[in-house]
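The values are calculated or read from the model by the stated rules, or taken from the named source; none is laboratory data. These figures come from a predicted structure and were not determined experimentally. We place every Cβ from the backbone using ideal geometry, glycine too, and count neighbours over all the protein chains shown. Note: accessible area is taken over every heavy atom of the protein model, side chains too, but ligands, DNA and RNA are not part of it. Shrake-Rupley method; radii C 1.70, N 1.55, O 1.52, S 1.80 Å.
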Amino acid sequence: MGKGIFKYIFVIVVISLAIYTGFKLIKDDSLSNEENLDQTSKVSTIQKDLRLSIAELDTLNPILSNNRNVHEVSKVIYEPLVTLNENYKLEYCLAKEVVKQDDTTYIVKLRQGILWHDGSNFTQSDVHYTIDKIKDPNISSVYKDNLRYVAQYEEIDDYTFKLYLTQAVPFFEYSLTFPILSANYYGEDDFANTDKNAAPIGTGMFKIENVDGANIKLAKNDTYWDNSKKPMVEEIVIKLYSSMGEVYNAFKSGELDIITVTANNVEEYIGTLGYNRIEYKSRQYDFMSFNTSSEMFADASIRQAISKIIDKDAMVATCLGAGYVSSNFSLDMGNWLYTKDLTVIPNLDEARLILENAGWSYRNNSWIKDGRKLDINIIVNANNESRVRVTENIAEQLENFGIRVSVLQYSPERYADAINNRNYECIITGIECSFSPNISTYFGENNLANYSNDEIFDLMNKIENTTDDVVLYDSYKTIFDKYLEDVPYIGLYRNTDIVVYNQGLVGNISPNAFNLYHNIYKWYRQ
């Protein structure tokens, strides 16, 4: 009798534990999605879709498209070998390792078990196919420059390959950020003209489910390889428009959750109320380069003094206005290796002291040393109106301080010749900043300023041959210290872009010039 009761109680306990465990597993699975929610939200109150847009769609093939909106959206559908986070730091994606064998040879090892949206396996043959298409001289692609120095692709096995370069490329791993497409999906089709470009498959967390004349519907990829990134929403609806004007109107009407705009358009087209905005720095960066081998600017004190005279914030406000911010260096767009604030606060008293200590005297509204006046020439491209305005403003600031300036407006051809031959005292120029932290343009051999510093050259060689974050960080900090001392360049300004988003959109929204949709798996709307 006693044994029967104990047996009965034991069965009840086992069943109770099984029920509790099952309930807890279901609850924990629910919480795995709830943990990304805003504290004021519940799973039952969120909308399970996001609404994005593309204006003037050309093709959904990200290799072929020249449409900015397509490149933005493609980040959630297609994936690269390596990607970049919010601070432009390299992270592995489809690749699990990139090994530099020597200056021109790299071994890339791929993740295994990744599936294309059609269920087929991702292998190195897909990478080989994509690289061949990007390098095809008959195909135009925005990613061509990524592979400019790739000479040969060598297959090792299904998940390993080698790349041989024609020359050493600093931080080459950053070139591997182009999207990979499926070789089997395209087969023998004409890559540039096939109908398959209407909805190519990818490996990303969302897949194309349907395309019609008005919308592209993306569905959550249930077989996505990265289990740490489970999207809160089930689908993304990409609405198609014939112009950006239509996109602005749709956003104002509440039909879209997030769009990119220019500073000049944001208030004119969508007003000032009813949305949130994030302004981020773009890749377009303008700066002043001194020719440190010229007679005048071989003297570092003159360069230092000028850096203390120019008020960049005032210059931007007067000459450029909305859509621009003062900038100190190419990496200050948000790169994690911008290790030190290079802001130089205008200080005329310090500028005077620098020149006086270098032997200059201020007499009759001029700075004079050994009978010579401090007169300089600044070259600018006559066809670049914004740079001309900036140069004239800089000239005015310097002349108010007693430095006479001649602004030389060159034709584009003569300007390019001056740049190529380093035939200038001082020049206003600009670049589209690389996503990589490569700074050889400024400090490497044949740099724009003809600048030479043995310590910096040694550090440049060191950082080009290491992947150690600590070594990189410390090396960049030392380089920036020397940069502030020697002032071979003065950063001026850069463009900005703006993301505006509906107040009902919730999540960690942290766009940069590489990707607007960082952490999109945490987004939802309510």
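Odds and ends about this structure:
- Residue in the stretch 275-293 that is free of Cβ contacts under 8 Å to residues at least 60 places away in the same chain and surrounded by fewer than 20 Cβ atoms within 10 Å (Cβ to Cβ) present: no
- Residue satisfying all of: in the stretch 51-66; within 18 Å of the chain's Cα centre (by Cα) and farther than 22 Å from residue 219 by Cβ; least open to solvent (accessible area, probe 1.4 Å) among these: 63
- Filtered residues of the stretch 216-253 (kept if among the hydroxyl-bearing types (Ser, Thr, Tyr), open to solvent by 30 Å² or more (accessible area, probe 1.4 Å) and over 28 Å from residue 110 (Cβ atoms)): 241, 242, 243, 253
- Selection of first residues in the stretch 303-319 that are in contact (Cβ under 8 Å) with a residue 40 or more places away in the chain and over 13 Å from residue 396 (Cα atoms) and of second residues that are open to solvent by 20 Å² or more (accessible area, probe 1.4 Å) and aromatic (Phe, Trp, Tyr), restricted to Cβ pairs under 6 Å at least 6 apart or on distinct chains, gives the following pairs, ordered by first then second residue: 316/324.
- For the stretch 380-404, filtered to residues that are of a type in the set (Val, Ile, Thr), closer than 24 Å to residue 442 by Cα and out of contact with any Ser or Thr (no Cβ under 7 Å at 6 or more places or on another chain), the residue that is surrounded by the fewest Cβ atoms within 10 Å (Cβ to Cβ) is 388.
- Subset of the stretch 455-477 (residues that are buried (at least 17 other Cβ atoms within 10 Å of the Cβ) and among the β-branched types (Val, Ile, Thr)): 456, 463
- Annotation note: Cβ proximity below 7 Å between a residue of the stretch 342-358 that is under 22 Å from residue 370 (Cα atoms) and a residue that is of a type in the set (A, V, I, L, M) (sequence gap 6+ or interchain) occurs for 351/305; 351/309; 354/305; 355/305.
- Residue 268 meets all of the listed conditions (1) more than 30 Å from residue 120 (Cβ to Cβ); (2) within 24 Å of the chain's Cα centre (by Cα) but one, namely (2).
- Scope the stretch 109-165; condition open to solvent by less than 60 Å² (accessible area, probe 1.4 Å), within 18 Å of residue 74 (Cβ to Cβ) and assigned to a loop (DSSP other than H, G, I, E, B); matching residues: 114, 116, 117, 122, 139, 141, 143
- Residue in the stretch 294-316 that is under 24 Å from the mean Cα position of the chain (by Cα), within 30 Å of residue 485 (Cβ to Cβ) and β-branched (Val, Ile, Thr) present: yes
- The set of residues from the stretch 328-344 being touching a Lys or Arg at 6+ places or on another chain (Cβ under 8 Å) and either among the basic types (Lys, Arg) or open to solvent by 60 Å² or more (accessible area, probe 1.4 Å) (or both) comprises just one member, 340.
- Any hit, the stretch 133-153, residues being among the hydroxyl-bearing types (Ser, Thr, Tyr) and touching a His at 6+ places or on another chain (Cβ under 7 Å): yes
- Subset of the stretch 415-452 [open to solvent by 10 Å² or more (accessible area, probe 1.4 Å), under 15 Å from residue 381 (Cα atoms) and in a strand (DSSP E or B)]: 429, 430, 431
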